[in-house]
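Peer 1: Please read through the structure below; I'll follow up with questions.
The values are calculated or read from the model by the stated rules, or taken from the named source; none is laboratory data. None of the values given here were measured: they were computed from a predicted structure. Here the Cβ positions follow ideal geometry from the backbone for every residue, glycine too, while neighbour counts run over all protein chains shown. Protein only, heavy atoms only, side chains kept; ligands, DNA and RNA dropped before computing areas. Shrake-Rupley method; radii C 1.70, N 1.55, O 1.52, S 1.80 Å.
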Amino acid sequence: MSITHKTGDGTAPGAGTGAGHGPAGTADDGRPEGQEPSEGREGNDGLGVAGAQLSTAPADTLASLPGLGVLGWVRWMWRQLTSMRIALILLFLLSLAAIPGSLIPQHSDQLKVAAFKRSHPTISPLYERLGMFHVYSSPWFSAVYILLFVSLAGCIVPRTWQFVGQLRSRPPAAPRNLTRLPAYSTWRTDATPEQVAEAARRALRGRRFRTAATGTSVAGEKGYLREAGNLLFHIALFALLIGFALTSLNNAQGGKLVVEGNSFVNNLAEYDDFSGGTLYGADDLKPFGFHLDSFDQKYATTGPEKGTARLFRANIHYWNGAEGKRTKGSISVNHPLSIGGEKVYLISHGYAPVVTVKDGQGNVAYQGPVPFLPQDANLTSTGVIKVPDAVGKDGGPDQLGFRGVFTPTFALDKVRGPHSSFPTLGYPALILTAYHGDLGMNSGIPQNVYQLDTQRAKQFTYPDGGPFSKALKVGDTMTLPNGAGTLTFDGVKTWASFTVSHQAGNTLALVGGVAAILGLAGSLFIQRRRIWVRAEAGPGGATVVEMGGLGRSESARIADELGDIAFQLQPDAPAKPEDEPADGPADGPADGPHGDDPDVPGDVTDEPDAPDESDESDESDDVPVDPDDDATHDEGARA
């Protein structure tokens with residue numbers, strides 16, 4: 001007894017190269033396109049329905065000309081749109097289309113867009129016309145996205161129905177000539193054909209094969225999870241696209257800087273900046289809020305990592321709903337607060353000097369913290385203080401403005417000037433210069449709160465004409481020239497910047513990504529295969545047992561599995577060592593995987609396909625090539 005594993009041109013039976021070569025609308029064997037050969041008709045491949053398609057992938061028709069007429073062209077274009085080739089092209093185009101959205105500022109950040117336009121006045125009008133500042137909502141990006149949707153849908157639906165049909169059908173009956181299969185085994189036994197068939201059925205069922213018996217022949221099929229994984233991958237990719245679309249359409253994001261001791265309420269007026277999506281705007285904001293109680297920060301104080309951050313944590317009380325109960329919580333880096341269906345992220349932090357400003361009449365014109373923005377890792381910060389309601393010494397309006405630097409731990413050198421040597425409040429100092437006059441705050445034009453417009457204002461100077469400035473520590477007072485007013489440095493508070501984000505499609509995209517990985521793994525590592533066992537009465541009263549195996553792609557695994565099943569049948573159908581199979585390959589004795597026992601199958605051997613003289617005159621015994629099975633070598637599963 002022997003097991004033969006045949007190797008040839010790399011195309012296994014039942015697997016073709018894609019498109020057929022017959023006339024449009026017909027398969028290579030002359031039958032109408034899409035019609036499977038009947039069980040009783042073997043055609044010219046010698047296997048009939050046994051070598052039928054092992055995949056649900058559509059056939060490649062790019063080389064086939066459509067029929068005349070509008071309907072033919074529409075049908076041809078639809079089949080190209082749902083082909084693997086076009087899907088890959090669309091995925092590539094989608095990837096290319098996303099590049100400008102990563103390199104060019106988008107409309108969600110209007111400040112960056114405005115800065116880009118000022119820096120690139122020549123190219124900006126062209127970018128505006130092409131939609132480069134809103135790539136993900138542009139018509140050309142949407143067109144590629146929608147075409148990819150249609151392509152996936154046009155592939156998933158028909159393949160799903162075809163796969164359901166395969167699950168409901170029985171494994172095909174054994175072909176007439178099992179010797180033409182890639183893996184083949186035969187031996188003689190004294191067991192009756194019925195006993196062999198029953199033992200084969202039990203062995204195949206024990207290995208989770210779906211079986212079907214026809215007389216004393218048993219057919220088994222396994223590996224449906226390969227196509228299930230393939231379909232799961234396509235459906236997961238479809239879910240990913242839907243998730244990304246929802247994230248883009250049903251998305252909103254806003255930023256808010258909150259000073260220690262202050263609160264934030266989730267409405268549009270509270271945001272420093274807000275950008276809504278097509279399906280989510282200011283009217284959809286959920287009613288919640290939080291109060292910033294304190295901010296914890298820790299840094300390494302010694303060693304080579306001195307100044308490296310160890311902890312950033314905002315301690316808060318939050319509430320959900322207008323009458324919600326206040327709950328204690330915290331927000332730290334990578335640990336956002338989930339509330340009201342939104343997420344609140346901690347973005348950055350800094351310091352806000354607390355000052356009291358009196359005008360020329362001695363009245364308090366401003367009192368409170370003023371956030372300064374960090375400029376380096378040690379939180380050397382810059383900022384401005386605007387006092388629009390100040391009154392001059394003569395009783396007329398005289399707006400006051402201050403520009404300066406805040407240093408948590410003051411240091412001074414000739415190169416950097418005033419700066420901070422450590423990010424914590426070791427020796428806080430506030431260095432300011434002052435202006436008075438018209439700061440442009442009553443013009444009706446929006447201003448940046450961190451910039452001071454001095455075009456129509458005058459800087460205070462010393463008697464010698466030098467700019468007036470002063471370095472203050474906590475408790476110091478800066479007295480302006482000519483009795484224009486004073487500024488007192490009262491203390492320092494910490495501020496934290498938060499981003500409130502609403503993204504509806506994240507969960508769907510995550511589930512789709514995990515499912516896509518699982519489906520891809522199943523389609524790559526599970527092999528679809530068929531095994532047949534046939535027992536017939538032979539000369540001399542012995543039973544001739546034949547086994548054949550066919551996989552979706554050429555692999556030695558099918559021969560190994562065939563050998564294992566043959567070995568499993570030996571107790572019920574022991575081989576007769578004294579006789580060689582009359583019509584099987586004349587293999588010499590070899591030590592099999594189960595030792596030198598002559599009653600078990602021998603080694604799996606690899607031999608090239610050689611023409612069989614007995615088959616040369618019978619064209620029906622040729623190796624089958626199924627034109628519908630384009631799955632592996634041309635189009636393949638989309639995975």
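Peer 1: Quickly work out the residue 207-to-residue 326 label distance, labels modelled 7 Å from Cα along the C-beta direction, and quote it in nm with one decimal.
Peer 2: Going from the residue 326 label point to the residue 207 one covers 7.2 nm.
Peer 1: Right, next: Using a Förster distance of 22 Å, how high is the FRET efficiency between residue 306 and residue 382, based on the Cβ-Cβ distance and rounded to 0.05?
Peer 2: Details: r = 24 Å, r/R0 = 1.08.
Here the calculated transfer efficiency is 0.40.
Peer 1: Moving on to the next point. With θ set to phi - 60°, apply the Karplus curve 6.51 cos²θ - 1.76 cosθ + 1.60 along segment 285-297 and write out the HN-Hα couplings as whole Hz, x wherever there is a Gly or Pro.
Peer 2: Calculated HN-Hα couplings, in order: 5, 7, x, 8, x, 8, 10, 7, 6, 6, 9, 9, 9 Hz.
Peer 1: For residue 316, list long-range residues whose amide hydrogen, built 1.01 Å from N in the peptide plane, is under 5 Å from its own amide hydrogen.
Peer 2: 293, 329, 330, 331
Peer 1: Moving to a separate point now. Can you figure out the FRET efficiency of residue 272 with residue 556, using R₀ = 56 Å and their beta-carbon distance, to the nearest 0.05?
Peer 2: 0.30
Peer 1: With θ set to phi - 60°, apply the Karplus curve 6.51 cos²θ - 1.76 cosθ + 1.60 along segment 454-464 and write out the HN-Hα couplings as whole Hz, x wherever there is a Gly or Pro.
Peer 2: 10, 4, 10, 10, 10, 8, 5, 10, 6, x, 7
Peer 1: Between segment 491-519 and segment 233-296, what is the separation of their alpha carbon centroids in Å?
Peer 2: Here the answer is 10 Å between Cα centres.
Peer 1: Whose amide H sits under 5 Å from the amide H of residue 262, counting only residues 5 or more places off or on another chain, with H placed in the peptide plane?
Peer 2: Counting only residues 5 or more places away or on other chains, the set is 292.
Peer 1: Ranked from highest to lowest mean number of other Cβ atoms within 10 Å per residue, what is the order of the peptides 240-251, 441-452?
Peer 2: Details: 240-251: 18.4, 441-452: 11.0.
For the peptides 240-251, 441-452, the packing ranking is 240-251, 441-452.
Peer 1: Still on this model: If I model a spin label as a point 7 Å beyond the Cα along the Cα-Cβ vector, how far apart are those points for residue 99 and residue 283 in nm?
Peer 2: For residue 99 paired with residue 283, the spin-label model returns 4.1 nm.
Peer 1: Does segment 315-415 come out rounded, prolate or oblate by the C-alpha gyration tensor, with a ≥ b ≥ c the root eigenvalues, rounded set by a/c under 1.5 and, if not, prolate when a/b is larger than b/c and oblate if not?
Peer 2: On the way: a/c = 3.59, a/b = 1.52, b/c = 2.37.
Because a/c hits 1.5 or more and a/b fails to exceed b/c, segment 315-415 counts as oblate.
Peer 1: Could you tell me which GluC sites (Glu not before Pro) in segment 231-310 are loop residues by DSSP with no more than 13 other beta carbons within 10 angstrom of their beta carbon?
Peer 2: 305
Peer 1: Next question. Which order, highest average first, do 195-204, 271-280 follow once you tally other Cβ atoms within 10 Å for each residue and take the mean per peptide?
Peer 2: Details: 195-204: 21.0, 271-280: 15.6.
Top of the packing list down: 195-204, 271-280.
Peer 1: Per 5 Å bin, what is the whole-percent P(r) computed from every C-alpha pair distance within segment 468-558?
Peer 2: Percent of pairs per bin, in order: 2, 8, 8, 7, 6, 5, 5, 5, 4, 4, 5, 5, 4, 4, 3, 3, 4, 3, 3, 2, 2, 2, 2, 1, 1, 0, 0.
Peer 1: So how much slack lies between residue 415 and residue 126, counting 0.36 nm per residue of separation and subtracting their Cα-Cα distance, in nm?
Peer 2: Length gained, residue 415 through residue 126: 99.7 nm.
Peer 1: For segment 327-454, with every protein chain kept in place, what is the accessible area per residue (1.4 Å probe, Å²)?
Peer 2: 48 Å²
Peer 1: Something else now. Full-extension gain between residue 88 and residue 514, please, as 0.36 nm times their residue separation minus the C-alpha to C-alpha distance. Before the final figure, lay out each step's value.
Peer 2: Values: separation 426, 0.36 × 426 = 153.36 nm, distance 2.05 nm.
Residue separation times 0.36 nm, minus the Cα-Cα distance, leaves 151.3 nm.
Peer 1: A further question follows. How big is the gap, in Å, between the Cα center of segment 363-401 and the Cα center of segment 138-170?
Peer 2: 62 Å
Peer 1: I've got another one for you. Using packing as a proxy for protection, rank 473-485, 521-533 so that the peptide with the highest average count of other Cβ atoms within 10 Å comes first.
Peer 2: The peptides rank, most packed first, as 521-533, 473-485.
Peer 1: Ok, one more. Name the residues whose placed amide hydrogens come within less than 5 Å of the amide hydrogen of residue 472, ignoring near sequence neighbours (fewer than 5 apart) on the same chain.
Peer 2: Residues meeting the amide H criterion: 430, 431, 432.
Peer 1: Let me ask something additional. Ordered by residue, what ³J(HN,Hα) values in Hz, to whole numbers, does segment 139-144 give under the Karplus form 6.51 cos²θ - 1.76 cosθ + 1.60, where θ = phi - 60° and Gly and Pro are x?
Peer 2: x, 5, 5, 5, 4, 4
Peer 1: Checking the a/c ratio against 1.5 first, then a/b against b/c, what shape does the Cα gyration tensor give for segment 367-506?
Peer 2: oblate
Peer 1: Between rounded, prolate and oblate, where does segment 152-299 land on the alpha carbon gyration tensor, with a ≥ b ≥ c its root eigenvalues, rounded for a/c under 1.5, else prolate if a/b exceeds b/c?
Peer 2: prolate
Peer 1: Using 0.36 nm times the number of residues separating residue 74 and residue 298, minus their current alpha carbon distance, what extension gain do you get?
Peer 2: Additional length available on full extension: 74.0 nm.
Peer 1: Could you work out how far apart the two model spin labels at residue 424 and residue 525 are, taking each label as a point 7 Å from the Cα in the direction of the beta carbon, and quote it in nm?
Peer 2: Output for this residue pair reads 5.0 nm.
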